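Down below is the structure, laid out as structure tokens.
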Amino acid sequence: MSAFLDRVGRMDRRLIYVAIALAVIIPLVAGLTFPVITTPIVQNIFDKLDSLPEGSRVILTADFGPSTVPENMPMIQAVLRHALHKKLKVYLLTLWATGIPQLDALEQNVLAKDFPDRVAGQDWVNLGYKAGNQGVINSAFSDFPGAFPVDSKGHDVRTLPIMEGVKRIADFNLIVCIASGFPGVKEWIQFGGDPAHVPVAGGVTAVEAPLLYPYYPRQLLGLMGGLQGAAEYEAALVKQYPEYASRSEEAIQRMGPQTVAHLVIIAFIVLGNVAFFTGGEWRRRRT
Amino acid sequence: MIRVTLPVLLTSVVGFLLVAAFFFRGLNRVNSDLSEYFNIIAAVAFILGGGNLLRMHLDKVQRRRPGWTYSIVTVVAFLFTLIAGLFKVGNSQGWTGPVEAQGSWFNFAYDAMFNPLQATMFSLLAFFVASASYRAFRARNVEATLLLVAALIILLGRTFVGAFLTSWLPQPLQFLSIPNLSNWIMSTVNLAGARAIIIGIGLGVISTSLKIILGIERSYLGGRES
């Protein structure tokens, strides 16, 4: 028995890889989903966006690359749908060079499909990518059109109706930063939202979320952490506006495989500890 | 004298101006302009960085150092991106178009190489995390046990299973439910640690910045005058 548990304790890692692969593939193919309950830290973002009057200005940033699309894209799509449904003016931008295709995907998947009646330059604008990290936010703080002089199509932003009355970051009602690193939520708080007294909401990968808790709730209105955070926002959106049930449930569907994968990891951790205590390793350590 | 004094003086003036700009609204414009200057200087630094990257990797290939074949990939990828970028002047279309333009070199590089490579790298993490968790999360001592228990609660708390497992708890004991425990760990234990780190980093940044602004720390000039 002891020898067997010793072997379990030194399990071939390829077995773990196969188990994880199956834990992801089977629920994905079977379409396994679980109920999602929205926690207050995500509900705060939803409530704030929902309470903004029509025509309010919202900066929505896509500061992430393709590696975190499965986590970040459902967040930004749900927020964009919500903002457009509420007839808010949306200013899309990115401080990441790899964020340009994400903005393009938003135009194709959300704006063109769900809101074809909304006019670019009037109801929403894609300001594209601007290099300079937090320096761009610093510039936009006092001169927003100066920091983003043209939109993604090369139009002078000063000629766009949506830019009327927009001089600095303080002229916005909300900043929603969907990010997966630097520059991201922290920089938008430190250089944009906090000094300009504009509320900032964030959506980040699960590994980054713990680092942002010190800013919540005074400097950070709310936070979507990882796929779970995205699923919680989608759940809040679908609960309030059931018409988005079929279109805005990407994260809810992906939570099935993630839940099973978490359970498999927990099972391996428990198994490893059982083998550790009942096998030879623990006894050798004690003697 | 000029090689040392002038940069130190320039750094001091710009440093003090930026600190003052944070407190005085009238200096907002200066702050904004200096941020733009930073972007321009950073763009010049890209040229130096690109040249250095080429020099290092070509040298590695020439001397056949370990991993020199990867250096060929780096140099080819760098030159491909550079050439595609140099032709992308203005809002051009076709093969010289931006990354979102179908048929452009950048679009091809992004869709066919960058996107799948990044997605693969990130996906592989799931396998390594599972394998590492199995080997590392052992209750070998008190500290490791605390880490193990916290990890299990967070793992369960981030899914519906956590709520399901402790849904039978009576209302007065709901604070012991896994989602509530998970939230407590994140918003209390994790918060205290993260805040301590942030304050520590903040103090470090202030002291280093002051040393640079006051001309005490001069290693950025090349290390000989520090």
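The values are calculated or read from the model by the stated rules, or taken from the named source; none is laboratory data. Quick caveat: nothing in here was measured; it's all calculated off a predicted structure. Using ideal geometry, Cβ is built from the backbone for each residue, glycine included, and neighbour counts are taken over all protein chains shown. Calculation scope for accessible area: heavy atoms of the full protein, side chains included, ligands and nucleic acids excluded. Shrake-Rupley method; radii C 1.70, N 1.55, O 1.52, S 1.80 Å.
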Inset, instruction - State yes or no: is A:Ile162 crowded, with 21+ Cβ neighbours inside 10 Å and either farther than 26 Å from B:Ala109 by Cβ or touching a Gly at 6+ places or on another chain (Cβ under 9 Å) (or both)? - result: no
Legend entry - segment A:173-182 - residue that is modelled with pLDDT of 95 or more and in contact with a helix residue (DSSP H, G or I) (Cβ under 8 Å, 6 or more places away or on another chain) and, of those, surrounded by the fewest Cβ atoms within 10 Å (Cβ to Cβ): A:Leu174
Inset, instruction - Starting from residues that are surrounded by 13 or more Cβ atoms within 10 Å (Cβ to Cβ) and part of a loop (DSSP other than H, G, I, E, B), keep the ones in segment B:138-187 and report whichever is farthest from the other protein chains (Cβ to nearest Cβ). - result: B:Leu169
Inset, instruction - Tell me which residues, restricted to segment A:86-99, are of a type in the set (Gly, Ala, Ser) and open to solvent by less than 10 Å² (accessible area, probe 1.4 Å). - result: A:Gly99
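To keep it simple, each residue is scored yes or no on (1) under 16 Å from A:Lys48 (Cα atoms); (2) of a type in the set (A, V, I, L, M, F, W, C); (3) more than 12 Å from chain B (Cβ to nearest Cβ).
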| site | (1), (2), (3) |
| --- | --- |
| A:Tyr215 | no, no, no |
| A:Leu223 | yes, yes, no |
| A:Glu249 | no, no, yes |
| A:Met255 | no, yes, no |
Inset, instruction - Filter segment A:257-280 down to residues that are open to solvent by 60 Å² or more (accessible area, probe 1.4 Å) and either at pLDDT 90 or above or in contact with a helix residue (DSSP H, G or I) (Cβ under 8 Å, 6 or more places away or on another chain) (or both) and give me whichever is farthest from the other protein chains (Cβ to nearest Cβ). - result: A:Thr278
Inset, instruction - Confirm whether B:Phe122 is open to solvent by 50 Å² or more (accessible area, probe 1.4 Å) and within 7 Å of chain A (Cβ to nearest Cβ). - result: yes
Legend entry - Within segment B:25-50, tally of residues that are surrounded by fewer than 12 Cβ atoms within 10 Å (Cβ to Cβ) and more than 30 Å from B:Gly85 (Cα to Cα): 2
Inset, instruction - State yes or no: is B:Met113 facing chain A (nearest Cβ under 7 Å), open to solvent by 70 Å² or more (accessible area, probe 1.4 Å), farther than 27 Å from A:Val8 by Cβ and aliphatic (A, V, I, L, M)? - result: no
Legend entry - Where A:Val125 falls short, out of the listed (1) away from chain B (no Cβ under 11 Å); (2) more than 28 Å from A:Gln228 (Cα to Cα); (3) open to solvent by 10 Å² or more (accessible area, probe 1.4 Å); (4) of a type outside the set (Asp, Glu): (3)
Inset, instruction - Return yes or no: is B:Thr74 open to solvent by 60 Å² or more (accessible area, probe 1.4 Å), farther than 30 Å from A:Ala267 by Cβ and more than 9 Å from every other protein chain (Cβ to nearest Cβ)? - result: no
Inset, instruction - Give A:Ala21, A:Ala83, A:Ala3 a once-over and let me know the one that is open to solvent by less than 60 Å² (accessible area, probe 1.4 Å), farther than 27 Å from A:Leu174 by Cα and more than 13 Å from the chain's Cα centre (by Cα). - result: A:Ala21
Legend entry - Long-range neighbours under 7 Å by Cβ, at least six apart or interchain, first residue within 11 Å of chain B (Cβ to nearest Cβ) and open to solvent by less than 10 Å² (accessible area, probe 1.4 Å) within segment A:58-75, second part of a strand (DSSP E or B) and modelled with pLDDT of 95 or more: A:Phe64/A:Ile178; A:Phe64/A:Ala179
